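Input: a single structure, listed below in structure tokens.
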Amino acid sequence: MVLAKHLKQRRPVTRELQARGLRMTAQRKVIAEVLQKAGKHLDAPEVLRRARQQLPGLHLATVYRALESLKKLGIIDELDLMHFRGTGHYYEARTDKDHMHFTCQRCGSVLEIQTPLFEKLKAQIEGRHGLSIRVARLELGGICGTCAAKKEKPERISA
């Protein structure tokens, strides 16, 4: 699950591509648009599936190359989301504000969390160690509120 407010904070991927001088091929443009419009974190095969709706001949190797170039430029982020569904990596358009990801280890839902405490922590680390943090990622895993509530409800026994 991605909170709607984070979708509004995503940087325009195609605009970022142009601003960084990367050649705008049809494949990169479509892949960038897929990531921009995604309502959730996507793995490479899902990016391919969605992109093939516009470019039927697209290959998975092309998707991986495009994702790698977008990642190197800092336009998208690669996440492992606690490797909930195997060893796959997931991608999202970078947002203007850093956020954390919480993955429910029971149902697999993903919650994006922004909090002033995270910003304070980054500032404290910068000050104490003389750093300038440009990217911060924190992935948390556990049980979401919905799954925790389901477990607490007693099971009914049929008579």
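Derivation of every value follows stated rules applied to the coordinates shown; laboratory data play no part. This one's a predicted model, so the numbers in the text were calculated from it and none came from an experiment. Using ideal geometry, Cβ is built from the backbone for each residue, glycine included, and neighbour counts are taken over all protein chains shown.
Table for the structure above
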quantity: Computed magnitude of the charge dipole of the range 48-146 (debye, nearest 20; Cβ of K, R +1, Cβ of D, E -1); calculated: 220
quantity: Anisotropy class of the range 4-152 from Cα gyration tensor, a/c 1.5 cut; calculated: oblate
quantity: Charge context of F102, other residues only, Cβ under 11 angstrom, K/R +1, D/E -1; calculated: -2
quantity: E33/L60 FRET efficiency (R0 30 Å; Cβ-Cβ; nearest 0.05); calculated: 0.95
quantity: Candidates per chymotrypsin sites (Phe, Trp or Tyr not before Pro) in the range 51-114, loop by DSSP, up to 15 other Cβ within 10 Å; calculated: none
